[in-house]
Every structure is written in structure tokens, then in C-alpha cells.
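First comes the structure, then the notes that go with it.
The values are calculated or read from the model by the stated rules, or taken from the named source; none is laboratory data. The shown structure was predicted, so the numbers you read here are calculated from the model rather than taken from an experiment. Glycine gets a Cβ as well: all are built from the backbone with ideal geometry, and neighbour counts include every protein chain shown.
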Amino acid sequence: MLLPPLFPWLIRDFGLSYSELGLLVSVFFIVSGVGQALSGFVVDRVGATPVLYCALSVFAAAALAAAAAPGYAGLLLAAALAGLGNASFHPVDFTILNKRVSPLRLGHGFSVHGISGNLGWALAPVFMAGIATATGSWRSACLCAALLALAVLATVLYNRGALDDHRGAGSQLAGAGSSAAAPEHPLAFLRLPSVWLCFSFFFWSTCSLGAIQSFSGPALQSLYGLQPGVAAMVVTGYMLCGAAGM
């Protein structure tokens, strides 16, 4: 949600078409999707917390690249960096939850994880569009996003002991189970039908969610003449309802 809430301002300043805006979203999701497939192997090798630190740093770099973008190429770079930062969150978060939360509370842990993510998606359009409207500059909104990413990174570093995925009750259980199992090929999970069913579900739900998050604002402006801040509230309401359902 770094660039989509700012699409009205980007159209005004750079004269971009909706096809060009769509390419920004596609670059984000392509980099994120390919990176997510690879980041799981990285997390397994080096651990979750180092990858989390890198991801948050890349997010801050993406926001700074957007704030300094002189044109469309700079926006493409920002979208690619944002996708790279986003790529590792599910391998990282799920690894930490599995290692640090006891099995009896794991379902609740995943629910809180999903709710907090939905709330973040809900607040992002208001945060970005609100700052851009108040300051008259979308670049100021990107700078604030960079500061927010750095603040989250500082918070994570301060609480790194609670996020250590190399110790905890969950990791002991996982270690006990893995010690008795025969080693498998790293791609053995691709033989599981459940993996492909989950892939299909998340692929299509991400397609619909990406379209709603990215283009519902401009569409509502064109259809009903809503102001950018009001149109952003529609996305916020959508995500809040998703969080309530979760």
C-alpha cells in the first residue's frame, strides 16, 4: 500500500495511464511472489529474524526511493523494492509463530497475525492519502512511510529476544519431530496436494484483493467524484470488515 493510495497524485504529476499504474502493481506482486518462494529457503538456512531485519530495511528503502522518484522508472524501482521487502513476511512470521507459540495457542496466534495485517492494510490508505492531502505532497507521505518502517525496525530490534526462532517451546517440539524423520529433498513439499490447493486459494484471493486495494480509489473517484481521502476510506472499511471476520 505504498503507491496505490497515491495514484491520483501520481496521475496528476506524471500523467500516468492506468496501464502504467497497473504495471507498478504487477511489478510489486511479481517480485513479491517470486521472492516469497525463495525466501522460505533463506529463512530455513539463516533463521527468521535476520531476514525480518532485512525486509523492514528494504521497505524503508522502497519508501525513500518513491519519495525521490524523478519519474516512472523511479516508481518502478520503489515497487520492486516494496515487493522484495514484502516477500519474506509469511515465511518469517509463520516460522516465528510456529517456534515461539505453544501448539494450544497457535490458532489464536495466527488469528492475531492476520487481524493485525488487515488492520495495517486498512490504515495504510488513510495514512498515505491523509498525509498527501494535508501536506499537498505525495512525497511527504512516502517519507513518513519510510520513518514508520524504520520505527517498526527499531521496535523489532529492541524486542528481538521475543522473536528468536532458535529457542522456545515450539522449537523444541519441532526439533524432537525432525530428529526422527528421514531427510527429504527441499522440494518434496511440492508433491502434497494441500500445497497446491492453498496456492490456488491464495493466488486468486490475492488477485482480487490487489485489484480492490489498488484501483477501488481511482474507480470511485471516476464514478462518483469522491475526494481521494474519502475514496481511501472505502478500502479501509473493506479491510476492517475483513479483520472483524477473521
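Scanning the stretch 55-78 for residues that are surrounded by fewer than 17 Cβ atoms within 10 Å (Cβ to Cβ) and more than 19 Å from LEU143 (Cβ to Cβ) turns up TYR72, ALA73. Applying a threshold of 7 Å to beta carbon distances and a minimum spacing of six or more residues, or different chains, the list of pairs starting in the stretch 42-70 at a residue that is free of Cβ contacts under 8 Å to residues at least 12 places away in the same chain and ending at one that is in a helix (DSSP H, G or I) and surrounded by 21 or more Cβ atoms within 10 Å (Cβ to Cβ) reads ALA69/LEU75; ALA69/ALA78. A single member of LEU106, LEU119, LEU97 is touching a His at 6+ places or on another chain (Cβ under 7 Å) and part of a helix (DSSP H, G or I), and it is LEU97. Counting only residues that are outside any helix (DSSP H, G or I) and among the aliphatic types (A, V, I, L, M), how many does the stretch 16-58 have? Residues in the stretch 16-58 being outside any helix (DSSP H, G or I) and among the aliphatic types (A, V, I, L, M): 1 in total.
Which residue is nearest to PHE28 (Cα to Cα), if the candidates are limited to the stretch 38-71 and must be in contact with a helix residue (DSSP H, G or I) (Cβ under 6 Å, 6 or more places away or on another chain) and among the hydroxyl-bearing types (Ser, Thr, Tyr)? Only one residue tops the list, namely SER39. Within the stretch 207-246, being of a type in the set (Ser, Thr, Tyr) and at pLDDT 80 or above holds for SER208, SER216, SER222, TYR224, THR236, TYR238. Number of residues in the stretch 232-246 that are without any contact (Cβ under 8 Å) to a residue 60 or more places away in the chain and among the aliphatic types (A, V, I, L, M): the value is 2.
Scanning the stretch 209-224 for residues that are free of Cβ contacts under 8 Å to residues at least 12 places away in the same chain and not hydrophobic (A, V, I, L, M, F, W, C) gives SER222, TYR224.
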